[in-house]
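Notes to accompany the following structure.
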Amino acid sequence: MRLSQRRADTLNRRVRFLHRRRKDRSTLPCLETGGTQVYAYWERGAGLVVSVHLDTGEVPSDLISRYGTIAVRITVNGHDVFVAD
């Protein structure tokens, strides 16, 4: 799937940050973008954990391939560590 720069810019402008709530300790810091959720948090014994959730049911159809998948690229310090088209 190829996103236009305009579509990518629109999705990036609409990102929401959901912080951990004091009253609900089960919530974790999360970014919501394009109907997906990306959690990044520290876990004792594991260090930094990044968890990507693509199954929210809110991903716009133009972001889903004809095979029902979503293109994902994960980088660490500018280097690709995971790519799936």
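The values are calculated or read from the model by the stated rules, or taken from the named source; none is laboratory data. Quick caveat, the model's predicted, so the values are computed rather than measured. Cβ coordinates were reconstructed from backbone atoms using ideal geometry, including for glycine residues, and neighbour counts include every protein chain displayed.
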It is to be established whether one or more residues within the range 6-19 are loosely packed, with under 13 Cβ neighbours inside 10 Å and in contact with a Pro (Cβ under 8 Å, 6 or more places away or on another chain).
yes
Quickly run through the range 69-85 and pick out the residues that are exposed (fewer than 10 other Cβ atoms within 10 Å of the Cβ) and either at pLDDT below 90 or charged (D, E, K, R) (or both).
80
Please verify whether the range 57-68 includes one or more residues that are touching a strand residue (DSSP E or B) at 6+ places or on another chain (Cβ under 7 Å), over 19 Å from residue 82 (Cβ atoms) and loosely packed, with under 12 Cβ neighbours inside 10 Å.
no
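Output the residue which, of all residues in the range 54-69 that are within 18 Å of residue 12 (Cβ to Cβ) and without any contact (Cβ under 8 Å) to a residue 60 or more places away in the chain, is farthest from the chain's Cα centre (by Cα).
The initial filter retains those residues of the range 54-69 that are within 18 Å of residue 12 (Cβ to Cβ), namely 54, 56, 58-60, 62-63.
Checking the rest, the ones that are also without any contact (Cβ under 8 Å) to a residue 60 or more places away in the chain come to 54, 56, 58-60, 62.
Working: 54: 7, 56: 11, 58: 12, 59: 11, 60: 14, 62: 16 Å.
My answer is 62.
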Scope the range 21-56; condition of a type in the set (Gly, Ala, Ser), outside any strand (DSSP E or B) and exposed (fewer than 14 other Cβ atoms within 10 Å of the Cβ); matching residues
26, 45, 46
